[in-house]
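Structure first, then comments.
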Amino acid sequence: MERTVPKTATEEIDLYLRTVYSLLRSTTEIQIRTLEEVHAGMNSLLHPDARNDSPDAAAFIYSILRLPDCMSKVRLIILGQSSAVFDQHGICDVESWQPVTAKARRRRCYFDGKDRLGCFIASRTDIEDVLPSLTAYQIEWNKLHLLMQKIPTDFKIDDILISNEAFSSLAAHLNLAEEDLLRLRIIWEDEFIDYLKLIKDHKCAFRVNLLTGSLTEYWRATRAWWENIERSYPDLLKNPVYFVSSNTHSITNLLTGFAFRKKDILMAFLEKEGDEKLKDEWEQIKNSESQTNLENFLYYLLKKAQQTPGWTYLKKEQRAYEKELGIIRIASKHYFDVDAQVIPINRINVEELDPRLLNHSDLAYLKNSNALILNIDYPLGLAAYNILTKVAEHVSPVLGVYIMGKAATLNGVLGDVMIPNVVHDEHSKNTYMFKNAFSAKDVSEDLIYGTVMDNQKAVTVLGTFLQNGKLAEVFYREGYSDIEMEAGPVLSAIYEMYRPTRHPVNEIVNLYGLPFDLGVVHYASDTPLSKGKNLGAGTLSYLGMDSTYAASLAILRRIFKMEKRRLINNDK
């Protein structure tokens, strides 16, 4: 039985993608300006004012956060799957260039210090993420550039740091709300004035060179990624495995108790480096005036401390402590940026667990387990299919697959949690139906600020910019309110883990009766139907810990429950 989205809802996006890939077939560099018109023609929910003369601040900020900080100096962006691919095209030692990162997107990138940026890509999804971000960045930069030319010559940009009147005047000249200009100041920090002067001095004119777009190269990169993990922990080939796609902090924080061990140091950090909001929150927690969970507060402080000069030693200490407990962190090297952790369940120290994991049962049985938890830093889009397929090829048995990730919500607010049992995948055009291991009750007791919505319908989109009002209206009308990027590729891989054929295309697919456990939980990080209310306009920040840890607790409780059941059955 087939199910399709009306062609009228996707034709602008289809045109954009056809244009992108036809241009990328060229063996030479392509100019991003050739994509500007079709980009604007998509009417993207994340870039609704692309054609307006006034800047679309939310779209610009969204792009800034997902591209490295060096973009103001970059002219050429080079995309390839691995350092070997760069070498084959005469760009040797790309990894000796300066490593650069984006604030809100994990992608291994290197800046040559002049005008070239090299990025490792894991799948076609990276192309469909990078190019729209570059295009939006360029469009909005150049709008600001033109507006800056109209500012009176006697206006001194430096004055905006000392004069509220000058700040307001600049915002008016740039057709920006003052709060949007303030957001740019926060993002650019000490370089705020330098960025404004750069915008005034030159237009943005990106070029892109895709070294190779072959599927073989993506598979080769994924194989090399897995081989690095296999070398680091050979027992993965011999032991049962629970596969988790989440992040690299919440699972280990819940299992190790490291933040509690460092509570006094974290309180010292709060006193010396914390902002007033965090200090006020701590006072409310101490006086029982806040609903905030103490554990989540400490985890947030630990994260902030590890990112602050003078306190980064806590990261090294945490890694050493995890190693004592048998937890191995495996950094990806020479390829896409997806780190992994291997956690032997029988090495878990019950006495060090987050107290919320101890409220349900005696966990002494974990010492008898021979199973491992393989936790990866969640990949983007189709990379999830490549990775899970590769893991399943080498690991047996897989006892459970659990996916935690960010999503946009069409019917909730930031920080809500959505639990789907239907996923429409825009990659395969399949609609997957499955029994989700999680329900609202598994998350709600630990979620303080948000709402849990189970029995939801999710749609896996091609990219964050590749959504428009027509598409959102179609999905929302059909009950799809959870928009994300990984679940569809994961479910395509799961189909192939227990069926003898490759996943179908454009069908309704029943995934009930799997021989292993399956759980998918998303937390809302965007509300695209609210104009400007995306992560370009704000971030989950501290409150994001609430939904992240509620979901992580549900995953660990589920693994513990399944492992207890397995051990009892093995003893019979």
Self-check item: Which listed residue, of N239, N247, N253, is over 23 Å from L301 (Cα atoms) and not assigned by TED's automatic domain parsing to the domain that holds F60
Solution: N239
Quiz item: Taking Y300 and the conditions (1) surrounded by fewer than 20 Cβ atoms within 10 Å (Cβ to Cβ); (2) part of a helix (DSSP H, G or I); (3) not aliphatic (A, V, I, L, M), which numbered condition does it fall short on, given that it satisfies the others?
Solution: (1)
Practice problem: Out of V85, V74, report the one residue that is under 23 Å from R124 (Cβ atoms) and in contact with a Ser or Thr (Cβ under 8 Å, 6 or more places away or on another chain). | Solution: V85
Quiz item: Out of the residues in region 186-211 that are surrounded by 14 or more Cβ atoms within 10 Å (Cβ to Cβ) and of a type in the set (V, I, T), which is nearest to L134 (Cα to Cα)?
Solution: V208
Quiz prompt | Among the candidates Q98, Q81, residue that is buried (at least 22 other Cβ atoms within 10 Å of the Cβ) and in contact with a strand residue (DSSP E or B) (Cβ under 7 Å, 6 or more places away or on another chain) | solution = Q81
Quiz item: Which of the residues that make up region 474-503 are free of Cβ contacts under 8 Å to residues at least 24 places away in the same chain, outside any helix (DSSP H, G or I) and not small (G, A, S)?
Solution: E478, R499, P500, T501, R502
Practice problem: Please find, within region 442-463, the residue that is surrounded by the most Cβ atoms within 10 Å (Cβ to Cβ) out of those that are in contact with a strand residue (DSSP E or B) (Cβ under 8 Å, 6 or more places away or on another chain) and under 29 Å from T19 (Cα atoms). | Solution: V459
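Check whether at least one residue in region 339-358 is of a type outside the set (S, T, Y), in contact with a His (Cβ under 9 Å, 6 or more places away or on another chain), crowded, with 19+ Cβ neighbours inside 10 Å and in a helix (DSSP H, G or I), and report yes or no. Break it down stepwise before answering.
First pass over region 339-358, keeping only residues of a type outside the set (S, T, Y): 339-358.
Now narrow it down to the ones that are in contact with a His (Cβ under 9 Å, 6 or more places away or on another chain): none.
Within region 339-358, none of the residues are of a type outside the set (S, T, Y), in contact with a His (Cβ under 9 Å, 6 or more places away or on another chain), crowded, with 19+ Cβ neighbours inside 10 Å and in a helix (DSSP H, G or I).
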Practice problem: Report yes if some residue within region 372-380 is crowded, with 20+ Cβ neighbours inside 10 Å, at pLDDT 95 or above and farther than 19 Å from R106 by Cβ; otherwise report no. | Solution: yes
Quiz item: Can you find even one residue in region 43-62 that is loosely packed, with under 15 Cβ neighbours inside 10 Å, of a type in the set (D, E) and in a helix (DSSP H, G or I)?
Solution: no
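The values are calculated or read from the model by the stated rules, or taken from the named source; none is laboratory data. Note that the structure is predicted; figures quoted are calculated from it, not measured. FYI the Cβ positions are ideal-geometry reconstructions off the backbone, even for glycines, and counts take in every protein chain you see.
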